[in-house]
Amino acid sequence: MDAGAIIGLVTAALFFLGVVIIVIIIFVIRAKVIKYQKEWGLNARGIFSDINSTKAVGKNPASLNGMDRIYIPKIQADFPDFQLAPVIPQVETFIKTFLDSIEDQDTKPLEKLAIAPSLIDRADEIIKDVNSQGIRVYYDNIVIHKTVISEYVRENGMVIIRFQSAVGYLHYAEDEKGKMVSGSKEAAEETVYVTSYARILNSELARQSGAIDVIGLNCPNCGAPLRSSDVTYCQFCGTGVNNLTEDVFGWTFTDIKEKNRMTKKLF
């Protein structure tokens, strides 16, 4: 076989190999595009296939300041049994329930969660404020993309874990006649909510600082809410509560706010 033939075969082989590589690349890209479309509810032209589906929210999730690797060892040093995995769903349920309660104008679902009484009062105040303005606030198709730990602090005898959650929803408000006054039913809004999750670390210090009243105190026997940390017995079952230790306190949600909108009246 002469040199010309060899060169021809090598050229043909390289050409065939190049075609194979190009085909493989096309298939890989196509597979990724299809996966992206399925994840975000897009049709073949990249348009939301159903704006009313939960997949229509969340095209560009907000960025988070995740510090899990730094803070989890510190939390577990204080509370060896702490595990992040089961807490994340509680955080996300709390956010959704809080927003749903404002939309539905009903705070009873919040009473079933481990939250501070002040948060229920806050939700009631927001609802009253909304009603006084003659509007109705909506949070449709809530999607929480991710939740991370952003801070862990000690103060007033308690510890606080602060979480950041990337949240997407269709957020709008209507007046009493159903006329849109703000927001959009079609354009998804992406934002970040910061929630605080606290627990008593030093019961005596917490009692002196009033932190126990912030978290909310429940009878260790019957679970009934106590009016303040100054009470010496449960008014419902009569159990003495003047010598409570930090062991009887559980984790409690004490705050929720939208990042960068700390003074916003309506969530």
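First check a/c for the stretch 102-168, with a ≥ b ≥ c the square roots of the eigenvalues of its C-alpha gyration tensor; if it is under 1.5, answer rounded, and if not, answer prolate when a/b is larger than b/c or oblate otherwise. Judged from the Cα gyration tensor, the stretch 102-168 comes out oblate (a/c at least 1.5, b/c at or above a/b). Residue ranking by accessible heavy-atom surface, 1.4 Å probe, largest first, among VAL181, VAL194 comes out as VAL181, VAL194.
Listed cross-link partners LYS96/LYS128; LYS177/LYS257; LYS177/LYS259; LYS112/LYS185; LYS108/LYS128 are compared with a 27 Å cut-off, the Cα-Cα value being larger for LYS177/LYS257; LYS177/LYS259; LYS112/LYS185. Put a dot 7 Å past the Cα of VAL19, heading toward its Cβ, do the same for MET180, and the two dots end up 5.2 nm apart.
Extension gain, GLU204 to ALA173: 0.36 nm times the residue separation minus the Cα-Cα distance gives 6.6 nm.
Peptides 166-177, 11-22, 65-76, 117-128, ordered by how many other C-beta atoms sit within 10 Å of their residues on average, highest first, read 166-177, 117-128, 65-76, 11-22. Ordered by solvent-accessible area of protein heavy atoms (1.4 Å probe), largest first, the residues TYR152, TYR138, TYR233, TYR193 come out as TYR233, TYR138, TYR152, TYR193.
If R0 is taken as 25 Å, the Cβ-Cβ distance between THR239 and GLU111 corresponds to a FRET efficiency of 0.70.
The values are calculated or read from the model by the stated rules, or taken from the named source; none is laboratory data. What you are looking at is a predicted structure, and each value in this text was computed from that prediction instead of being measured. Backbone-built Cβ (ideal geometry, glycine too); neighbour counts: all protein chains shown. Keep in mind that these areas ignore ligands, DNA and RNA; they rest on the heavy atoms of the full protein, side chains included. Shrake-Rupley method; radii C 1.70, N 1.55, O 1.52, S 1.80 Å.
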